[in-house]
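Comments concern the structure below.
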Amino acid sequence: MKLLQVAFAAQRLASQHGLRCLLLAVSLYMPSSLPAQNNWLLQDTKAIQDSLIVKGKEDDAASLTSGNEVEGAEQGQALLLLEKDKEINRLKQYNYTICSYAVIGLFILLAVIVGLLFINNRQKAGAGQSLSEQNLALQEAKEELRQNLDKLEASSENLNNFIFAASHDLKESVRSMTSFGQLLERKLLAGQTDTASYYAGFIVENGMRMNQTLEKLLFFSELALKEQSSNTLVDLHQVACRAWDEVLQGRNPDSCTLNLGPLPHASGYPVLLYQLVSFLFENAIDFRREKQHLTVELNYQENSQTGSSAFVLKDNGPGVGPEYLESIFEPFKRLNPRGKGGAGLGLSICRRIVELHQGAIWAEPSEQGGLAVYFTLPVMKMQVAEPAIS
């Protein structure tokens with residue numbers, strides 16, 4: 001009896017706590033020779049066994065369902081992980097693309113910055129060079145302006161000196177004419193005619209000097225308006241012969257001798273070149289030594305070593321001191337006593353004529369003791385030498 005009570009208590013405990021194994025063990029070891037009056041207990045036991053079987057099936061189904069749910073959850077987790085991996089890969093690809101574009105953009109930005117810096121440097125260099133060129137041009141313009149101002153100042157000074165010398169020269173001639181005219185008037189009023197011709201001669205001489213000065217002043221002013229030389233070929237040999245004949249008119253031809261060497265053809269103004277040679281001849285004749293035969297030589301000298309060449313006119317006159325070799329070409333510059341020589345414009349006109357022909361003129365002491373005047377002109381190479389003429 002006690003054994004049954006223990007068994008029933010074990011079954012109830014097992015059923016309450018879901019201990020299937022314990023229920024089966026109790027049911028198997030239950031005594032089968034129980035009295036009939038205990039059938040209810042058997043039925044109850046069978047019901048418990050059936051419920052345990054049903055419970056087992058339900059537990060199996062629940063286990064299967066739970067397994068399926070776990071498998072489904074695992075599959076869902078796998079799918080979720082796959083989606084996450086895809087999302088991560090997509091984000092990585094997106095980040096890579098963004099980084100690539102950022103790097104490319106950075107390189108482009110750096111290239112643009114470098115290009116802008118290069119262009120800026122080029123512009124600065126160009127601006128600096130342009131500024132340097134402008135400064136250089138400005139300096140050159142300033143220097144040219146300064147030179148022009150110096151030339152203008154020198155020209156103004158030369159003009160003032162020229163006007164002063166011209167007015168002084170003309171006033172002196174006028175004063176001489178006035179003085180001798182007054183003396184002549186007094187002599188004539190007093191009936192003294194023995195010296196009238198002497199005074200009249202001084203008046204005529206000063207009048208001719210004034211006329212010569214005015215003519216040379218006019219010619220000198222005309223030369224100032226000319227800017228360039230002509231291209232006409234001029235036979236200087238013929239020019240020298242004609243000029244010598246004209247200069248000797250009114251003079252003693254036996255007191256002067258001209259020696260001409262071979263002379264080339266020059267390119268320039270025929271009239272001006274004639275005046276050049278004529279004034280050089282006049283200067284040599286007017287300032288010769290008294291009571292001495294004058295010898296004038298005109299030659300063309302070529303220096304094969306230096307490649308230079310020049311015309312040279314030499315005389316055996318008194319010559320000029322070294323300190324006056326440059327000043328004799330200035331207007332109205334006279335080294336002779338007053339009343340001797342011309343108006344003091346001859347050599348000034350010669351220099352202007354030579355300068356118009358892009359040449360140069362200078363003076364040196366002559367070997368004969370006189371003066372040697374050198375001048376250059378554009379010439380043609382001599383084909384046949386002209387014979388010397390004396």
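Each value in this text was obtained by applying a stated rule to the coordinates, not by laboratory testing. No experiment lies behind these values; they were computed from the predicted model shown. Positions of Cβ are backbone-derived with ideal geometry, glycine not excepted, and every protein chain shown enters the neighbour counts.
Here is how the numbers come out for the structure above:
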| item | result |
| --- | --- |
| Net +/- balance of residues flanking residue 177 in space, Cβ distance below 11 Å, scoring K and R +1, D and E -1 | +1 |
| Relative contact order [Cα under 8 Å, 6+ residues apart], the stretch 174-213, whole percent | 52 percent |
| Shape box of the stretch 87-225 [Cα atoms, principal axes, largest first, Å] | 149, 19, 13 |
